[in-house]
Amino acid sequence: MQRKIPIRPGKKFEFKLRLNLKNLLLWSLVIVIIASFFFSFRSETIKSEEIPLSQAISDIRQGKIKEVEVVDDQLNLKYEEDKILTSRKEPGASLTEILQREGIKPEEVEIKIRDTSLSKAWVEILATLLPLGLMVLFFFFIFRQARGAQDSIFSFGQSRAKLFAKGKQPVSFADVAGVEEAKMELEEIVDFLKHPGKYRRLGARTPKGVLLVGPSGTGKTLLARAVAGEAKVPFFSMAGSEFMEMLVGVGASRARDLFDTAKKAAPSIIFIDELDAIGRQRGLGVTGGHDEREQTLNQILVEMDGFTPNDNVIVLAATNRPDILDPALLRPGRFDRRIVLDMPDLEDREGIIKIHARGKPFIKGTSWKTVARRTVGFSGADIENMLNEAAILAARYGKKVINADDIEEAATKVKLGPEKKRLQSDEERKMTAYHEAGHAVVTHRLPHMDPVHRVSIVSRGLAMGFTLIPPKKDRYTETMSHLIETITSLLGGRAAEGLVFNEFTGGAASDIDKATRIARRMVVDFGMSELGPVYLGPQIEETEYGRTWFQPSEISPKMQAKVDEEIKRIVDESYKKAMEVLKKSRKKLDLVAKKLLKQETIDEDEFRKLMGAKKKA
């Protein structure tokens, strides 16, 4: 059955046949198989009962046979009643001579002779040439593969950087928000490449290197992609790990090849992502001073600022570990500029949200300012993930637009993980409800704490419940009062367990750990204790070569005991404060816990109605 290929009206149907050695070999095999099948089919087309030659001659004499087909030594006998039988004659004998010898005139029967000499000749030729041809093709492919392997060995030292030409990168500076200072610095670099004369008239030279530093998800790679989209020069992109191979010297060779290629295409930009993969401090490796990574780093140092002039090639690099980079790499003349990318503030988050909201149908009246306040502490990558999760959630429930509930659920999912329906006993649900209610009530009664955004006993991640207290505004410094109240809020869940059940659970382990860490930093790092403004943490020393060494704290055992006592005092006083607040607000604690047991989640507005106006504890 032949399959019909539908052809759309108005469009030409094109059949493209790609001919190469591999396809030619394949088609040759197919033709040979079809030809062999055809010849065997033709030679054995008529297969029926075979009779002796004497009987065939007798039937011809009696006029029973109206046609005889001669195929080599086989006789296909067609009778009057359309019956077909076969017989065989001696090889090389002529049917006409046999009939004449038997006294039968050849004209009395119709004789057809099928010539198979040509078919036999082709079969013999193919049988002779096909094995030879297959052998030649086999050795051809073997030598070709060997040559390819040899070429790949010698190509190890070639750069694997990806080239982005003008118009090949769709991202521009308009697609980047939240890093205005960094954008300004990079726009200046791009402008220098576009209009070098404007700067050289004043004696300015092109910065040789720009290092992007910041936590993960703040947009370092996105900024580099924007530079590739904006620059009117070739842009070479390569990851730090792509320099490294098992063979020694390959990384340095790739670095040379990368810079040579960039110099030929100058003016150009080289982008090295995750620079810390090859830029770590030298002399700290376990294999000595000649390992592959150090050779690669040495080559990059020479290429960026060596005897060979390198004025028209700018190196752009990104890392989130600037503390481990080699000092020689960071000095002026190599990386002249260091651009630090921080977590976005309120206005920055609003701009990032508007960019990532493009192409998504949100309900009318959505306040991006409100969403930005809700996402304090989110990086640009977190915001993009949140909006994507909101779109997925809306699509899951068959919605046509994304509403505020979808965004809220997505933000909670990004922060804490997806909901988990765990089967808990009534006693466990009750203890979880009072635990989370304790956090919420204590937080509400403390004057320096931010408002409670949501309280829930729905399990997410490893937590059986959660109390969300996002900062009302971006906080850049911490006060002693706020830190102590944060510890008190963290211990509110444990205090509620002791007050209501006179029993403790393991659910407060994470709260206790966070509270202890904050108290330790207050004493050791911030000097916020009765021990005074003394730094009691690890000693940090820098050598003359720029290396940094960390040594354990060199305080006496007596001072260490005082540190431990101060930490315990801060935590104990905060726990007592939390217990006092809950005793004064016991009715509110019971009210919030019962509400949680009934509906599992309480939002900010509903919680405020349950608690009333915010009062000092």
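The values are calculated or read from the model by the stated rules, or taken from the named source; none is laboratory data. Owing to the predicted nature of the structure, the values given are computational and were not obtained by experimental measurement. Counting neighbours? That spans all protein chains shown, and the Cβs are built from the backbone with ideal geometry, glycine included.
A compact table of results
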{"quantity": "Evaluation of P344 against (1) in contact with a helix residue (DSSP H, G or I) (Cβ under 9 Å, 6 or more places away or on another chain); (2) under 23 Å from A228 (Cβ atoms); (3) surrounded by fewer than 21 Cβ atoms within 10 Å (Cβ to Cβ) (one fails), failing number", "calculated": "(3)"}
{"quantity": "Close pairs (6 angstrom Cβ cut-off, 6 or more residues apart or separate chains): within 15 Å of E604 (Cβ to Cβ) in the stretch 367-381, at pLDDT below 85 anywhere", "calculated": "V376/P470; V376/P471"}
{"quantity": "Selection status of I392, surrounded by 20 or more Cβ atoms within 10 Å (Cβ to Cβ) and over 28 Å from T505 (Cα atoms)", "calculated": "no"}
{"quantity": "Residue in the stretch 566-582 that is hydroxyl-bearing (S, T, Y) and farther than 27 Å from Y434 by Cβ present", "calculated": "no"}
{"quantity": "Among (1) touching a residue at least 60 places away in the same chain (Cβ under 8 Å); (2) in contact with a Ser or Thr (Cβ under 8 Å, 6 or more places away or on another chain) - the single one G351 does not satisfy", "calculated": "(2)"}
{"quantity": "Residues satisfying the stated conditions in the stretch 445-470, i.e. over 31 Å from the mean Cα position of the chain (by Cα), more than 15 Å from K421 (Cβ to Cβ) and not hydrophobic (A, V, I, L, M, F, W, C)", "calculated": "R445, P447, H448, D450, P451, H453, R454, T467"}
{"quantity": "Flag if Y397 is surrounded by fewer than 23 Cβ atoms within 10 Å (Cβ to Cβ) and among the aromatic types (F, W, Y)", "calculated": "yes"}
{"quantity": "Near pairs, Cβ below 6 angstrom, 6+ apart or cross-chain, from the stretch 466-486 (assigned to a loop (DSSP other than H, G, I, E, B)) to any residue that is among the β-branched types (V, I, T) and at pLDDT 80 or above", "calculated": "I469/T443; I469/V452; P470/V376; P471/V376"}
{"quantity": "Qualifying helices (runs of 4 or more DSSP H) (wholly inside the stretch 176-274; at least 3 residues being in contact (Cβ under 8 Å) with a residue 60 or more places away in the chain and among the hydroxyl-bearing types (S, T, Y))", "calculated": "none"}
{"quantity": "Among (1) polar (S, T, N, Q); (2) in contact with a helix residue (DSSP H, G or I) (Cβ under 7 Å, 6 or more places away or on another chain); (3) under 30 Å from I402 (Cβ atoms), the one test that S367 misses", "calculated": "(2)"}
{"quantity": "The lone exception for A617 - which of (1) part of a loop (DSSP other than H, G, I, E, B); (2) of a type outside the set (V, I, T); (3) surrounded by 15 or more Cβ atoms within 10 Å (Cβ to Cβ); (4) modelled with pLDDT of 80 or more it fails", "calculated": "(4)"}
{"quantity": "Among the candidates V371, V376, residue that is closer than 23 Å to P470 by Cβ and assigned to a helix (DSSP H, G or I)", "calculated": "V371"}
{"quantity": "So E554, is it within 46 Å of the chain's Cα centre (by Cα), under 29 Å from R520 (Cα atoms), in the same structural domain as T443 (by TED's automatic domain parsing) and surrounded by fewer than 17 Cβ atoms within 10 Å (Cβ to Cβ)", "calculated": "yes"}
{"quantity": "Enumeration of residues in the stretch 564-610 that are closer than 20 Å to G465 by Cβ, within 47 Å of the chain's Cα centre (by Cα) and crowded, with 21+ Cβ neighbours inside 10 Å", "calculated": "A578, L589, V592, A593, L596, I602, F607"}
{"quantity": "Of all residues making up the stretch 315-341, the number that are free of Cβ contacts under 8 Å to residues at least 12 places away in the same chain and crowded, with 21+ Cβ neighbours inside 10 Å", "calculated": "0"}
{"quantity": "V592 vs. criteria closer than 29 Å to T370 by Cβ and modelled with pLDDT of 90 or more", "calculated": "yes"}
{"quantity": "Test: residue in the stretch 434-441 that is within 24 Å of T516 (Cα to Cα), of a type in the set (V, I, T) and touching a residue at least 40 places away in the same chain (Cβ under 8 Å)", "calculated": "yes"}
{"quantity": "Criterion violated by K400 - all others in (1) modelled with pLDDT of 85 or more; (2) within 27 Å of the chain's Cα centre (by Cα); (3) not aliphatic (A, V, I, L, M) satisfied", "calculated": "(2)"}
